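Peer 1: Right, I'll just put the structure down here and ask away after.
The values are calculated or read from the model by the stated rules, or taken from the named source; none is laboratory data. Since the model is a prediction, treat every value here as computed from it, not as a measurement. Please note: Cβ atoms are built from the backbone with ideal geometry, for glycine as well, and neighbour counts cover all protein chains shown.
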């Protein structure tokens, strides 16, 4: 890749991150949100990993490194990038739920560092699984990110990620692909589906290798 092409990728990623950081499509009056989760890794990736959302498992840097190392070692890949289908990690707060005094507070009372602004302590609110509305609102971001990075392989972690992404690419009956019975290519990019990251291990990595061949 020449310098001009890499500069263009950097510019497009910066613009995408700006849109994500300014996004308010999923505003929920009774929910606190941390700052949006953004992709990380090599900007010329051979493999792009897509997780459903930023959760307690993949927020652990060691867990992410373990997954990346397994995939790099087994598939003999050198460059890798990971990102998220849903960008905002939402929480239920017992202090503001159903309290009309806080009904119009945009994105609740959570700092970028995850501290509750009401009690000045780390947030202990329950994490919410991404909902349909969140997934739909975020779809344009993941599709743009894939288009910018153009990986050779796209790995989707879990049905919650695979179903909407495959449908976005025009595969409206994705069950065969979720079960790994059919190879899947989009514009020369190979798409692989595996389990959620918390369940991913060497056996599942071997399964990816077999489906890749």
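Peer 1: Please state which one of 8, 38, 101, 43 is at pLDDT 90 or above and part of a helix (DSSP H, G or I). Outline the logic, then answer.
Peer 2: Numbers: 38 fails: part of a helix (DSSP H, G or I); 101 fails: at pLDDT 90 or above; 43 fails: part of a helix (DSSP H, G or I).
Just one listed residue meets the conditions, 8.
Peer 1: Going by the conditions given, is residue 50 under 21 Å from residue 19 (Cα atoms), part of a strand (DSSP E or B) and modelled with pLDDT of 90 or more?
Peer 2: Values: under 21 Å from residue 19 (Cα atoms): yes; part of a strand (DSSP E or B): yes; modelled with pLDDT of 90 or more: yes.
Spelling it out, residue 50 is indeed under 21 Å from residue 19 (Cα atoms), part of a strand (DSSP E or B) and modelled with pLDDT of 90 or more.
Peer 1: Still on this model: Looking only at region 178-196, which residues are in contact with a helix residue (DSSP H, G or I) (Cβ under 6 Å, 6 or more places away or on another chain) and modelled with pLDDT under 75? Walk me through how you get there before you give the answer.
Peer 2: The initial filter retains those residues of region 178-196 that are in contact with a helix residue (DSSP H, G or I) (Cβ under 6 Å, 6 or more places away or on another chain), namely 178, 180, 182, 184, 192-195.
Hits for region 178-196 are 178, 180, 182.
Peer 1: Does residue 118 satisfy being modelled with pLDDT under 90, surrounded by fewer than 19 Cβ atoms within 10 Å (Cβ to Cβ) and within 19 Å of the chain's Cα centre (by Cα)? Talk me through it step by step, then tell me what you get.
Peer 2: On the way: modelled with pLDDT under 90: yes; surrounded by fewer than 19 Cβ atoms within 10 Å (Cβ to Cβ): yes; within 19 Å of the chain's Cα centre (by Cα): no.
Answer is no for this residue.
Peer 1: Please go through region 150-163 and pick out each residue that is surrounded by 21 or more Cβ atoms within 10 Å (Cβ to Cβ) and assigned to a helix (DSSP H, G or I).
Peer 2: 161, 162
Peer 1: Next up: Within region 58-86, work out how many residues are surrounded by fewer than 19 Cβ atoms within 10 Å (Cβ to Cβ), in contact with a strand residue (DSSP E or B) (Cβ under 9 Å, 6 or more places away or on another chain) and under 12 Å from residue 200 (Cα atoms).
Peer 2: The number of residues fulfilling the criteria is 2.
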